[in-house]
Amino acid sequence: MALLLLSLFLIFVFPLRNNAEGPPSPGYYPSSRIGSIGFKQGYTNLWGPQHQRLDQGELTIWLDRTSGSGFKSLTPYKSGYFGTAMKLQPGYTAGVITSFYLSNNEDYPGNHDEIDIEFLGTTEDKPYTVQTNVYVRGSGDGNIIGREMRFHLWFDPTQNFHNYAILWNPTEIIFFVDDVPIRRYPRKSDSTFPTRHMWVYGSIWDASSWATENGKYKADYSYQPFIGRYKNFKISGCDANGPASCRPQSGSQSGSSGLSSQQNEAMAWVQRNYKVYDYCHDPARDHTQTPEC
C-alpha cells in the first residue's frame, strides 16, 4: 500500500511526459527516397575556405574571432528537397548561428527570398533553438519581414547527427527534422510565397546582435572554435535552368500537396510540445505585413 501511495505521489508531483519517446511516426520518410551525394557533387566553398575541412564525406566548418565559413550549391533551383545531417557544438555557443538554407540574396540584393533552418547558439544551461524562417522579396532594405517559427528539439542535437531538410515546391514549404514535419508554410498568395530560383547554402557565423535571447548573450571567443558538422547531403530538385517538365517534389506519400493525416499528427505533436515562438501569434508584430496569418 505504501509503495502504491508513493507511486501515485510521484506521478502527481512529476507527471509522466507524453513526449518521452519522441514524436509519433510520420509514416512517410522522404529522405529514404533520395540518395546522398558527396559534398563536391553538389556544393563548393563560398567563404572562409581556411575554416572548412572535408574528410571522408563529412564537412566541418568553424568560426573563430578571425572568420566563419560558408558553402553554396553549384546550381540554383526553382523547387526541390534539400537535406543534410548536422551535428552541433555543445557548451557555450551564444551568438553563433549554424545554418542550412535557401536564398537568392546574391542575385537580388535587398529584395531577396530566403527559406531558413538556423540553429541559434545558446548558453550551457539551455537547449538549442532551431529557427525556421521565410523571407519573401524584402530583406536588406530596412524592411525585413521575417516569418519565424522556433522550436526546441526532442533530442540533444550535439550528441549525434540528425537529418534536417527543406522541401520547397510551387504550393508549399515544409521543414523536416528526421523526416518529421515540424512546420508547413502553404502558398496562400503570390505576394507571401517565394517563387524565384534559389541556391542552397550552409554557414556558421557571428550573429551576436540578435541570435541568443535577442542579443542578451554574445559570442565569447574564449570558447572558440565554434564548430558545425555536416554530412549525408541530399538534393532532389528542379534546376532553375532545367526543363519546364521537371516535376516538383512532394512532401507526402500521395504525391499531392499537403501532408498525410499521420504526418499532420506528428507535426501537431512537435508544435504542441516543442514550439516556442510563432510570428503569427506574436502580439507585438504588425500582422498587416503578414496577411497569411
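The values are calculated or read from the model by the stated rules, or taken from the named source; none is laboratory data. Source: prediction; values computed, not measured. As a convention, Cβ positions derive from the backbone with ideal geometry for all residues, glycine included, and neighbour counts pool all protein chains shown. With ligands, DNA and RNA removed, areas are computed over all heavy atoms of the protein, side chains included. Shrake-Rupley method; radii C 1.70, N 1.55, O 1.52, S 1.80 Å.
General observations
- Cβ-Cβ FRET estimate between T123 and S245, R0 fixed at 41 Å, reported to 0.05: 0.20
- In a simple Cβ point-charge model (Lys, Arg +1; Asp, Glu -1; nothing else charged), the chain has a dipole of about 440 debye relative to its Cα centre.
- Every Cα-Cα pair of the chain was included, and the share exceeding 31 Å stands at 29 percent.
- Rg [Å, one decimal], Dmax [Å, integer] - segment 167-232, C-alpha atoms: 16.6, 47
- Listed cross-link partners K126/K218; K72/K234; K188/K234; K40/K72 are compared with a 19 Å cut-off, the Cα-Cα value being larger for K188/K234.
- Across segment 134-293, C-alpha contacts under 8 Å between residues 6 or more apart give a mean separation that, scaled by the residue count, equals a relative contact order of 29 percent.
- Summing charges over neighbours of A85, with a neighbour being any other residue whose Cβ is under 13 Å away from its Cβ, gives +1 when K and R count +1 and D and E count -1.
- For segment 130-285: rounded, prolate or oblate by the Cα gyration tensor [a/c cutoff 1.5]: rounded
- Heavy-atom surface analysis with a 1.4 Å probe gives segment 170-258 a carbon and sulfur content of 47 percent of its accessible area.
- The Cβ shell under 11 Å around P76 holds other residues with a net charge of 0, Lys and Arg each +1, Asp and Glu each -1.
- Sum of side-chain charges, R147 neighbourhood, beta-carbon under 12 Å (Lys, Arg +1; Asp, Glu -1): -3
- The slack in the chain from D282 to N160, taken as 0.36 nm per residue of separation less the alpha-carbon distance, amounts to 40.6 nm.
- In segment 138-205 the Cα-Cα distances spread across 5 Å bins starting at 0 as 3, 11, 18, 24, 21, 12, 7, 2, 0 percent of all pairs.
- Estimated [θ] at 222 nm from DSSP helical runs (n ≥ 4, -39500 (n - 2.57)) normalised by residues in the chain, nearest 500: -3000 deg cm²/dmol
- Annotation: per residue accessible area for the chain equals 48 Å², rounded to a whole number [probe 1.4 Å, protein chains only].
- Sequence of W47, W154 from largest to smallest accessible area, 1.4 Å probe: W47, W154
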